[in-house]
Amino acid sequence: MSDCLPQRKSRATTSDYFDLPQELLLEILVRLPIKDVVKSTAVCKSWNSVIKNPTFISTHLEKTISSTNTRLLLFRICSQKNPHSFKSDPVEQYSLRFDNEGVDEYKQLHFPINKFKSAIGCFRVAGSINGLVCLVDDVSYVHNFYLWNPIIKKAVHVPTAVHVPRRYHNQKVLIDAFVGFGFDSKMNDYKLLRYVELNDTYPRKEPKVEVEIYSLNANCWRSITHTAPKYDVIFNLPSAYANSFVNGAIHLLACDRKDGRNRNLILAFDMSEEVFRDIPLPDCWSKNDPVEQKMWSHRKLLKYGQSIAAVTWEGDDWGRNEIVTLWVMKEYGVAMSWTKILTEAGERVPRVLFFRKDEEVFLTIKDGWIASLDIKNQHSVVFVVHSYESRIVYYPVVDSFVESLVLLDKGNASWDVILTHEDPSAEDEKGAPRDDASSVDIIQIKKELARKSWLLERIGK
């Protein structure tokens, strides 16, 4: 009689997750938080293969960007007890903060100071794109580059560039260099642009230019010098601490010295098409303004929504008679749309770090203190990133940030991969998950998945 009773529909068990159709598995995994996705690479080899597929990594990033209302900001500062002492090592500190009114802290990031080595103890940050931070150490004759994803605690040491100038006997090579970081949306590739100007004489004659581009997908540099204009690079430290990647292009300040006219301009490099183009600066910057006369002042470009902004600071070594001017290009690429929105003069004027909104900027006002200034309403909010009583804080960086899985698929011998923390996926030497996966609680992973009510509904259909 019991055989005639209707059978109850059995509930899904955790073992069912290994037998899911791939389409359904993708729908499940792409909705998981990054921490759970990384752990899931150790569940089995098929999951590992699915998760480390570049298409899945891109899809997860798109889902993260479209589904979250939480915006994050990356903050970096360097601090040092005594910058004039060789015994005092600089300390780099990175953190993520919410892009809200109070700029509340989200998490501190573990910076692998013992694995990343900088010649001067502090890296330049060339930008943050899709959760990938580009660290540059190219001061003097050092040429180290790292691409670092602090969320999955993984980094790639970029190979040595093709053209690395050396100091020769009885000859000094003067170097001005610009390094830009960008994303090629057509090829789903992250790239570095290295624009190097070499001069073996002073005063300068016609610049000797070497231009190279690095592709993460190909993991190599190649020269594109033959396509590059021979411009002077307007290089100073503040210009090196800003992300200038906008509308698919990297932007750098340059000077066209042809025919002695000394025309300052913005040189844009399209990451997908790999072509250069000129963008005009405001008239007061571009005409009759030799680059040598401006090397003592600080200039840099900033992202301004889908356009760019130009900042100049001038003053003396004592912090007196300083003036900061901020221009924005209201319509990208249109010279007539340049508009001056801020001029501040006085002693120790704050430095402009980052555009938060159309007319709201972050300013550095003192060691470890940053202010958010609404330019239109002249309203400011001051907050502390890191507070030190006996340390000097310098070179702060602020940039937008999104959590992602970028670099998760980089793990074989082609890349010099650095795990900046204990490997969360428990991989073996060949990059495959260990069969025992003893360091990963697989049962706990499956229980976390099972708690998703929407997942049970899908499996029960």
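Taking the condition of being out of contact with any Ser or Thr (no Cβ under 9 Å at 6 or more places or on another chain), surrounded by fewer than 19 Cβ atoms within 10 Å (Cβ to Cβ) and not in a helix (DSSP H, G or I), how many residues in the range 335-356 meet it?
6
Among the strands (runs of 3 or more DSSP E) lying completely within the range 368-430, list those that include at least 2 residues that are among the aliphatic types (A, V, I, L, M), surrounded by 15 or more Cβ atoms within 10 Å (Cβ to Cβ) and at pLDDT below 80. Give the steps one after another, and end with the answer.
Numbers: elements: 369-374, 379-384, 392-401, 416-419.
Qualifying strands (runs of 3 or more DSSP E): 392-401, 416-419.
So, of the residues in the range 219-237 that are among the hydrophobic types (A, V, I, L, M, F, W, C) and within 18 Å of N264 (Cβ to Cβ), which turns out to be modelled with the highest pLDDT? Explain how you work it out, then say what you get.
Looking only at the range 219-237, we keep the residues that are among the hydrophobic types (A, V, I, L, M, F, W, C), and these are 220-221, 224, 228, 233-235, 237.
Filter again for within 18 Å of N264 (Cβ to Cβ), leaving 228, 233-235.
Numbers: A228: 90, V233: 78, I234: 72, F235: 64.
This residue is A228.
Can you tell which of S297, S272, S307 is modelled with pLDDT under 75, under 24 Å from F245 (Cα atoms) and among the small types (G, A, S)? I'd like the intermediate steps shown before the answer.
Values: S272 fails: modelled with pLDDT under 75; S307 fails: modelled with pLDDT under 75.
Residue meeting the stated conditions: S297.
So the check is Cβ under 9 Å with 6+ separation or different chains; which pairs have a first residue in the range 199-218 that's modelled with pLDDT of 85 or more and a second one that's among the polar types (S, T, N, Q) and assigned to a loop (DSSP other than H, G, I, E, B)?
Once the first residue is modelled with pLDDT of 85 or more and sits in the range 199-218, its partners that are among the polar types (S, T, N, Q) and assigned to a loop (DSSP other than H, G, I, E, B) give N217/N188.
The values are calculated or read from the model by the stated rules, or taken from the named source; none is laboratory data. As the structure is a prediction and not an experimental result, all values here were calculated from the model. Please note: Cβ atoms are built from the backbone with ideal geometry, for glycine as well, and neighbour counts cover all protein chains shown.
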